[in-house]
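Trainee: Below is the structure I would like to discuss, written out as structure tokens.
The values are calculated or read from the model by the stated rules, or taken from the named source; none is laboratory data. No experiment lies behind these values; they were computed from the predicted model shown. All Cβ positions, even for glycine, are placed from backbone atoms using ideal geometry, and neighbour counts span all protein chains on display. Protein only, heavy atoms only, side chains kept; ligands, DNA and RNA dropped before computing areas. Shrake-Rupley method; radii C 1.70, N 1.55, O 1.52, S 1.80 Å.
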Amino acid sequence: MINILQSHQSPTMGRGGPFQIRRMRPGKVYGVPAFDPAFGPLSVIDHATLRANNMVPMHEHLNDEILTYLISGKVTHEDSMGVTENITRRRLMLMNAGSGFSHEETNSGEDLEGLQIFVRPRDKDLPPGVQFYDRPVDYTNGTWQLVAGPEASDAPLKFRNQVLVFDIHADAGAELEVPIAEGMSPFVYVMNGTVQVGNTTLQKGDAFTVTELEMPIMRTLSQAIIVAFLSDLNAAASKSGTISGGR
């Protein structure tokens with residue numbers, strides 16, 4: 001069975017302002033009320049836009065693992081550890097907030113669009129830190145790319161829990177198989193473009209999962225960017241995060 005979470009089912013905050021996010025609770029993909037609408041440790045996905053010459057001022061996170069994933073624009077990151085870095089489509093960032101981590105993001109160039117992905121850590125009050133990853137030049141070559149994963153994985157950016165993140169930049173007419181990992185369930189998000197799954201057409205901002213043994217083939221009806229999350233739904237996780245702990 002294919003379960004769909006459509007874009008309009010997630011609330012938009014800051015509508016009409018310079019910083020706008022549409023906040024997805026991925027567990028809602030099952031379509032039933034849930035006390036905790038997380039998808040295992042994968043708790044929140046914010047699809048965000050920030051207009052040029054605006055900023056998100058310094059603020060603190062506790063016990064959030066936060067992957068910043070852009071598809072357009074550039075932002076200058078500054079944090080409480082004294083780090084200043086530019087984040088772009090090719091340079092990704094993962095903040096491990098742990099016992100306390102503050103940051104601000106300033107966009108002094110073009111409008112940007114991307115995701116902030118909030119994962120619950122395996123335990124609360126772990127040491128804070130920040131990671132960066134420069135993607136290879138050919139990362140848009142139509143193959144799945146692993147960008148983040150658990151500490152024991154081969155992923156270049158490490159969550160402190162059992163979540164994997166892949167993406168693909170595919171041309172129209174591609175037939176795609178979603179990555180799989182033993183013991184992990186898929187949550188697939190259409191970042192851009194139009195995709196067909198079975199007899200269902202998904203647009204930008206839609207997501208799906210399956211409750212069957214095999215994933216269906218996806219067919220891209222236009223150029224598309226697709227982000228695939230694999231999450232261990234039974235992994236132990238702290239619910240004390242500033243954002244990821246929310247219910």
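Trainee: Could you pull out every residue, at least 5 positions away or on a different chain, whose amide H is within less than 5 Å of the one on L221? Hs are placed 1.01 Å off N in the peptide plane, and Pro or chain starts have none.
Mentor: Close amide H contacts, sequence-distant or interchain: G173, T194, V195, Q196.
Trainee: Residues of the chain: accessible area per residue at 1.4 Å, in Å²?
Mentor: Dividing the accessible area of the chain by its residue count gives 44 Å².
Trainee: Let me ask you something else. What's log10 of I(q)/I(0) for the range 134-247 at q = 0.09, 0.13, 0.21, 0.22 Å⁻¹, Debye sum over Cα points only, no solvent?
Mentor: Values returned for q = 0.09, 0.13, 0.21, 0.22 Å⁻¹ are -0.26, -0.54, -1.21, -1.27.
Trainee: Ignoring any ligand, DNA or RNA, what whole percent of the accessible area of the range 89-247 comes from carbon and sulfur when the probe is 1.4 angstrom?
Mentor: C and S atoms contribute 45 percent here.
Trainee: A follow-up question, please. In debye to the nearest 20, how big a dipole does the chain give about its Cα centre with +1 on each Lys and Arg Cβ and -1 on each Asp and Glu Cβ?
Mentor: Charge dipole of the chain: 580 debye, to the nearest 20.
Trainee: Ok, one more. Taking θ = phi - 60°, what integer Hz values does the Karplus form 6.51 cos²θ - 1.76 cosθ + 1.60 yield along the range 138-146, in sequence order, with x for Gly and Pro?
Mentor: Those phi angles translate into 9, 5, 9, 8, x, 10, 5, 10, 7 Hz.
Trainee: Another question about this same structure. Find how many whole Å separate the alpha carbon centroid of the range 103-167 from the alpha carbon centroid of the range 12-39.
Mentor: One Cα centre to the other: 20 Å.
Trainee: Which order do the peptides 141-152, 90-101 come out in when sorted by mean C-beta neighbours inside 10 angstrom, highest first?
Mentor: By packing density, highest mean first, the sequence is 90-101, 141-152.
Trainee: Moving on to the next point. In whole Hz, what ³J(HN,Hα) sequence does the range 101-111 give by Karplus (6.51, -1.76, 1.60; θ = phi - 60°), x for Gly and Pro?
Mentor: Each residue's phi maps through the Karplus curve to give 8, 10, 8, 9, 10, 10, 10, 9, x, 6, 4 Hz.
Trainee: Okay, moving on. Provide, in order from the shortest bin, the percent of all Cα-Cα pairs of the range 59-154 in each 5 Å bin, continuing until the bin that contains the maximum pair distance.
Mentor: Calculated P(r), rounded to whole percents: 3, 12, 23, 24, 19, 12, 6, 1.
Trainee: Just to confirm the filter: which chymotrypsin sites (Phe, Trp or Tyr not before Pro) across the range 30-59 are DSSP coil and have at most 15 other Cβ within 10 angstrom of their Cβ?
Mentor: Answer in residue order: F35.
Trainee: Sticking with this structure for a sec: Apply the Karplus parameterisation 6.51 cos²θ - 1.76 cosθ + 1.60, with θ equal to phi minus 60°, to every residue of the range 205-210 and state each ³J(HN,Hα) to the nearest whole Hz, in sequence, with x for glycine and proline.
Mentor: Taking θ as phi minus 60°, the curve returns x, 8, 9, 8, 9, 10 Hz for the range 205-210.
Trainee: Based on a Kirkwood Rh over C-alpha pairs, give the Stokes-Einstein translational diffusion coefficient of the range 53-212 at 37 °C and viscosity 0.692 mPa s in µm²/s.
Mentor: Translational diffusion coefficient: 193 µm²/s.
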